[in-house]
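Quick notes on the structure that follows.
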Amino acid sequence: MKTVHNFNAGPCVLPKEAINAGIEALKEFKGSGMSVVEISHRSKDWEAVMGETEALWRELLNIPENYKVLFLSGGASTQFLMVPFNLFHKKAAYLETGVWAKKAYAEAKGLFGEAAVKVASSADRNYTYVPKQYDIPKDADYFHITTNNTIYGTEIHKDYDCPVTLVADMSSDIMSRPVDVSKYGLIYGGAQKNVGTAGVTFVIVREDILGKTGRYIPTMLDYTTHIKDGSMFNTPPVFPILIMNETLKWVKAQGGVAGMYKKNVEKAALLYNEIDRNKVFTGTAEKEDRSLMNICFVMNKGYEEKEEAFMNLAKERGMVGIKGHRSVGGFRASVYNACPKSSVEALVKCMQEFEKMLS
Ligand SMILES: Cc1ncc(COP(=O)(O)O)c(C=O)c1O
């Protein structure tokens, strides 16, 4: 198989161990004579995988007892509407730090109009920073944040002390750093960055925040439906859950979330140091808000014309997925958990080579 340096933003590089375990399970699941996609999701062997996957989440993130862990379908985008459906009573507050945050807010606004409040936005500088000065209405049912802004390369690095229930979209930084789950009412995300493949969505929810809206919630959109049936009210996406299970086992083997964090800090420092040193490139995000997962940079002043030339060199050197999102331009290297340090080193070398070519 061809070797590449995969910097895709998600779907993205996954641990080889998880991919190989997936291939084996596709051929035959636990000596059953059937593929994992042919078995009954009500079988004992499958129930064991569900149980183990939940236990891994609980162990890796130290999730308190009074939280439920759910595996749903519909991606993080469905959570944009499930959150207001389940938590909105009188008012909700949103922090707009990028396109995904904006989309989450749009769903709450679409459902509940002006009672969905945007407390701050960084749209004025194309989401290159995380707003810090704003007031959260004390009577809000919840405050919604996006902890990592995949497109713009900014990240909220700490768990906020929030006066109201804190809800976080952690699609692109879950399992990359230790998180104090007890500071959140609900955490959700699509799996396809750090915890597996598209098709399964994780939700971690503190049970006491549910059941307070006084409204009918469509069955499939009601968290309590899925809590009651252990995420098997309807047929679960077995293959994505299996890949999630194997990815979490790999995270555990790397020293858990603390181990991942240490490696992520090292990888990000390597690349940011080069961006800051190299005269051809410049970073786009505010330094204090720089993401450990998505590293965005553009050509420095005077080198704008050279963007295509660098892209071509990077391609030749085996880099995949470094083109910045179309709304930002430039470059984005997504260095999720499974992206090896050697790939980051290869990209740094390529940037140095390019600088030499131009001097
Ligand atoms: C932070 C964030 N939230 C939400 C989404 C949307 O996720 P999904 O495609 O699972 O709906 C993405 C996708 O990249 C994302 O990065």
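Since every read-out is calculated from the coordinates, none of them should be taken as a lab result. Note that the coordinates shown come from a computational prediction; the quantities given were computed from them, not determined experimentally. FYI the Cβ positions are ideal-geometry reconstructions off the backbone, even for glycines, and counts take in every protein chain you see.
Using a Gaussian network model on the chain with a 10 Å cutoff between Cα atoms, which of E316, E274, E246 fluctuates the most?
Residue with maximal mean-square fluctuation among E316, E274, E246: E316.
Considering only the range 63-182, what is the antiparallel percent among its DSSP beta bridges, to the nearest 5?
For the range 63-182, the DSSP antiparallel bridge percentage is about 15.
Considering amide H positions built from the backbone, and no H for Pro or chain starts, which residues 5 or more places from Y142, or on another chain, come under 5 Å of its amide H?
Amide H neighbours of Y142, under 5 Å, 5+ apart: A93.
Please give, to one decimal in nm, the separation of the simple spin-label points placed at K138 and Q254, each 7 Å out from Cα toward the Cβ.
Each label point is offset 7 Å from its Cα along the Cβ direction, giving 4.3 nm.
Roughly how compact is the range 16-253, stated as its Cα Rg over 2.2 N^0.38 Å to two decimals?
Taking N as the residue count of the range 16-253, the ratio is 1.03.
Distance between the C-alpha centers of the range 210-274 and the range 45-89? Whole Å please.
The range 210-274 and the range 45-89 have Cα centres separated by 7 Å.
Given R₀ = 30 Å, FRET efficiency for E38-E207 by Cβ-Cβ distance, to 0.05?
0.30
At 7 Å along Cα-to-Cβ for each site, give me the label-to-label distance between L358 and E266 in nm.
3.0 nm
Quick one: of the DSSP bridges fully inside the chain, what percent are antiparallel, nearest 5?
Around 55 percent of the beta bridges assigned by DSSP in the chain are antiparallel ones.
Using 0.36 nm per residue of separation minus the Cα-Cα distance, give me the extension gain between A309 and M232 in nm, one decimal.
Fully extending the segment from A309 to M232 adds 22.7 nm.
When you count, for each residue, the other Cβ atoms within 10 Å and take the mean per peptide, how do 256-269, 165-178 rank with the highest first?
165-178, 256-269
Fewest Cβ neighbours within 10 Å first, please rank T219, T147 accordingly.
Placing the least packed residue first, the sequence is T219, T147.
Per DSSP H run of at least 4 residues, take -39500 (n - 2.57); add these up for the chain, divide by its residues and hand me the 222 nm value, nearest 500 deg cm²/dmol.
-11500 deg cm²/dmol
Using each residue's phi in the range 5-22, evaluate 6.51 cos²θ - 1.76 cosθ + 1.60 at θ = phi - 60° and report the 3J(HN,Hα) Karplus result to the nearest Hz, with x for Gly and Pro.
9, 8, 10, 4, 7, x, x, 8, 4, 10, x, 4, 4, 5, 4, 5, 5, x
Is the C-alpha gyration tensor of the range 1-63 telling us rounded, prolate or oblate? Criteria: a/c under 1.5 is rounded; beyond that, a/b larger than b/c is prolate, otherwise oblate.
Note, shape of the range 1-63 comes out oblate.
Counting Lys +1, Arg +1, Asp -1, Glu -1, what net charge surrounds T247 among other residues with beta carbon under 13 Å of its beta carbon?
+1
Distances over 18 Å make up what percent of all Cα-Cα pairs in the range 128-207?
Cα-Cα pairs in the range 128-207 separated by more than 18 Å: 42 percent.
For the range 217-223, take each phi angle, set θ = phi - 60°, evaluate the Karplus expression 6.51 cos²θ - 1.76 cosθ + 1.60, and give the result in whole Hz per residue in order, putting x for glycine and proline.
Values, residue by residue: 10, x, 3, 5, 9, 8, 4 Hz.
Using a Gaussian network for the chain with springs between C-alpha atoms less than 10 Å apart, which of these wobbles most: A309, A191, A338?
A309
For a quick check, take a GNM of the chain with Cα springs below 10 Å and name the residue from I243, I217, I145 with the largest mean-square fluctuation.
Among I243, I217, I145, the largest mean-square fluctuation in the Gaussian network model of the chain belongs to I217.
Farthest toward the dipole's positive end in the range 257-339, which of V265, C296, V328, given Cβ charges of +1 (Lys, Arg) and -1 (Asp, Glu) about the Cα centre?
V265
How far is it, in nm, from the label point at H89 to the one at R277 when both lie 7 Å from their Cα along the line to the Cβ?
It is 5.5 nm.
Note down the relative contact order for the chain as a percent, whole number, built from C-alpha pairs under 8 angstrom at least six residues apart.
23 percent
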